Amino acid sequence: MNITKFEIEGPLLIEPRVFGDERGYFFESFHSEKYKQAGIPLSFVQDNESKSSAGVLRGLHFQNPPFDQGKLVRVVKGKVIDIAVDIRKNSATYGKHIAVELTEENKMQLWIPPGFAHGFLSLVDETIFMYKCTNVYNKEAEDGIIWNDPDLNINWGIENPLVSEKDLILNSFKSFVSKFV
């Protein structure tokens, strides 16, 4: 397993060792000791899965404290551009983001700690996206930032994605008041 850090402190890119032959492939999608050594908490309490068509954009989502969530995300089938935005107000990289392509071929995972808004764009039909969460869903703590906020300057590579009505009315980054330190 290969672990890569980013310029933004917190998120980690996990590249598993994949063993393949004429029968198919095998890899460890989670190993508690290795993830613990990498600094990823082992207190996952909820798994989520979504299926999306090409051009579907979900995000940018997060839950406010004390219901904040860390997420370990991966693509089971298909391909996405995955985005994590630093929303920790005392962070030197507040408002900056990382972008990673996660695919069924590369089998990479992204650890997104609490204090980050998260979203992804499905690049192909029938994309299955899976993530482990460190806290359960809490509707009252749910929040987000609009996907195309000009201050965040995220290059999604698409002008008119399919976005839920709920995601279309999310706050701008300027009007957002972070509850993350």
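List of remarks:
- Long-range neighbours under 9 Å by Cβ, at least six apart or interchain, first residue surrounded by 18 or more Cβ atoms within 10 Å (Cβ to Cβ) within region 134-156, second among the hydroxyl-bearing types (Ser, Thr, Tyr): Thr134/Ser43; Asn135/Ser43; Ile145/Ser172; Ile146/Ser172; Asp149/Ser172
- For the condition among the small types (Gly, Ala, Ser), assigned to a strand (DSSP E or B), in contact (Cβ under 8 Å) with a residue 60 or more places away in the chain and at negative phi, Ser29 does not qualify.
- Residue check, Arg74 in contact with a helix residue (DSSP H, G or I) (Cβ under 8 Å, 6 or more places away or on another chain) and in contact (Cβ under 8 Å) with a residue 12 or more places away in the chain: no
- Residue within region 84-94 that is in contact (Cβ under 8 Å) with a residue 40 or more places away in the chain, assigned to a strand (DSSP E or B) and of a type in the set (Asp, Glu) present: yes
- One residue stands out in region 121-133 among those that are under 21 Å from Val163 (Cα atoms) and under 13 Å from the mean Cα position of the chain (by Cα): the one that is surrounded by the fewest Cβ atoms within 10 Å (Cβ to Cβ), namely Met130.
- Screening region 93-109 for residues that are surrounded by 18 or more Cβ atoms within 10 Å (Cβ to Cβ) and either of a type in the set (Val, Ile, Thr) or modelled with pLDDT under 95 (or both) and picking the one that is nearest to Arg17 (Cα to Cα) gives Val100.
- Index of the failed condition, Gly59 passing every other in (1) in a loop (DSSP other than H, G, I, E, B); (2) in contact (Cβ under 8 Å) with a residue 60 or more places away in the chain; (3) not charged (D, E, K, R): (1)
- Residue within region 53-71 that is of a type in the set (Ser, Thr, Tyr) and crowded, with 18+ Cβ neighbours inside 10 Å present: no
- Qualifying residue in region 26-38 (condition: crowded, with 21+ Cβ neighbours inside 10 Å and within 30 Å of Pro161 (Cβ to Cβ)): no
- Just one of the numbered conditions (1) in a strand (DSSP E or B); (2) over 28 Å from Lys179 (Cβ atoms); (3) not hydroxyl-bearing (Ser, Thr, Tyr) is not true of Lys107: (1).
Per-residue answers, yes or no, for (1) assigned to a loop (DSSP other than H, G, I, E, B); (2) of a type outside the set (Val, Ile, Thr); (3) modelled with pLDDT of 95 or more; (4) within 19 Å of Glu101 (Cβ to Cβ):
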{"site": "Val136", "(1), (2), (3), (4)": "yes, no, yes, no"}
{"site": "Trp147", "(1), (2), (3), (4)": "yes, yes, yes, yes"}
{"site": "Pro150", "(1), (2), (3), (4)": "yes, yes, yes, no"}
{"site": "Ile154", "(1), (2), (3), (4)": "yes, no, yes, yes"}
{"site": "Asp167", "(1), (2), (3), (4)": "no, yes, yes, no"}
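- Residue in region 111-118 that is over 20 Å from Asp167 (Cα atoms), of a type in the set (Gly, Ala, Ser) and buried (at least 19 other Cβ atoms within 10 Å of the Cβ) present: no
The values are calculated or read from the model by the stated rules, or taken from the named source; none is laboratory data. Keep in mind that this is a model prediction, so the values were computed, not measured. So basically every Cβ, Gly included, is an ideal-geometry build from the backbone, and we count neighbours across all protein chains shown.
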